1. Out of the DSSP beta bridges found with both residues in region 113-190, what percent are antiparallel (nearest 5)?
2. Once each part is reduced to its C-alpha centroid, what is the distance from region 150-176 to region 230-250 in angstrom?
3. Only four residue types carry charge here, +1 at the Cβ of Lys and Arg and -1 at the Cβ of Asp and Glu. Report the dipole size of region 2-257 about the Cα centre in Debye, rounded to the nearest 20.
4. Given Cα pairs under 8 Å that are at least 6 residues apart, what percent is the relative contact order of the chain?
5. Which whole DSSP H helices in the chain pass both tests: a Cα extent of 20 Å or more along the axis and a mean Kyte-Doolittle value no lower than 0.0?
6. Quick check on my link table: of Lys179/Lys225; Lys121/Lys217; Lys166/Lys225; Lys61/Lys140; Lys121/Lys166, which ones sit more than 25 Å apart, alpha carbon to alpha carbon?
7. Between region 41-92 and region 103-118, what is the separation of their alpha carbon centroids in Å?
8. Taking amide hydrogens as modeled 1.01 Å from N in the peptide plane, which residues meet the under 5 Å criterion relative to Tyr2, leaving out close sequence neighbours?
Amino acid sequence: MYDLHCHASFSADPATFAQLIGNSDLQVLSATVTPDDYALACTFYGSVPHIRIATGLHPWKIDADEKASETMTEKLLSTIEDTSYVGEVGLDFSPKHAHAKDAQLRSFERILAACAELGGKVITIHSVRAANACLDLIEKTRCLETCSCIMHWFSGSSDELARAIKLGCYFSVGECSLKTKRGPEYVRAIPKGRLLLETDLPEDPASNTSPVLEPEKQAQVEFDKLSTSLNYALETILKLTSRHTRFSIEAASQELLTRKV
Ligand SMILES: [Zn+2]
């Protein structure tokens, strides 16, 4: 099984979590949210062959302050040659984050432009109330000519979905998006070979409200939750439509996860 968007560095006990993933048949793309998170993830998971670590700068972490956002972006760009995987990056124009809209746009454009220039990157993209703005920058930087873009938990309109499909984006879909009104409809519209599975788990400890166990046990709970969520997504998708098969999902995932710098 493949999880194309998780957050291994959010685990309460990365050593145990690494072991559990390493002993399983899971292959994951682990997104990070800041350059420091990426450095930490490399320390914990750099030697686990089942885990690919992406260097990321989440739009929620971007400060409206131009200098601060530029420093973070520079820091990310200094790691971009070390890995074929970039993310979580993107744009979020929801009310809570729209104050940093301009800084987000500047940072994301620089990251995409760097990816386009280096080529061979797999980019996992967050877009909330900003799908068209993301697609504008993907087009402007022409990063799809040399890289692959995965729209993570796509929540744009159906016109924006059609545009992303036409551009050649991939889509990672998980339990949460399948439980939304449009989720199943979108799964039916995504072309065969461009649909991937994701969990977006473990949850960020900063926003996790469930009681936390002793770290080793908590890591087991996180791993079980991730596996269950992935199985739920796969089974739901296969029941929804005959367009996607387990084979087509796995072949696309494998192709993306075997990229090497
Ligand atoms: Zn995420």
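1. Taking every DSSP beta bridge with both residues in region 113-190, the antiparallel ones total about 0 percent.
2. 16 Å
3. Magnitude of the dipole: close to 1020 debye.
4. Worked out over the chain, it gives 21 percent.
5. In the chain, the long hydrophobic H runs are 101-118.
6. Pairs exceeding 25 Å: Lys121/Lys217; Lys166/Lys225.
7. 12 Å
8. Gln27
Each value in this text was obtained by applying a stated rule to the coordinates, not by laboratory testing. Small disclaimer: the values here were computed from a predicted structure and weren't measured. Cβ atoms come from the backbone with ideal geometry, glycine included; neighbour counts cover every protein chain shown.
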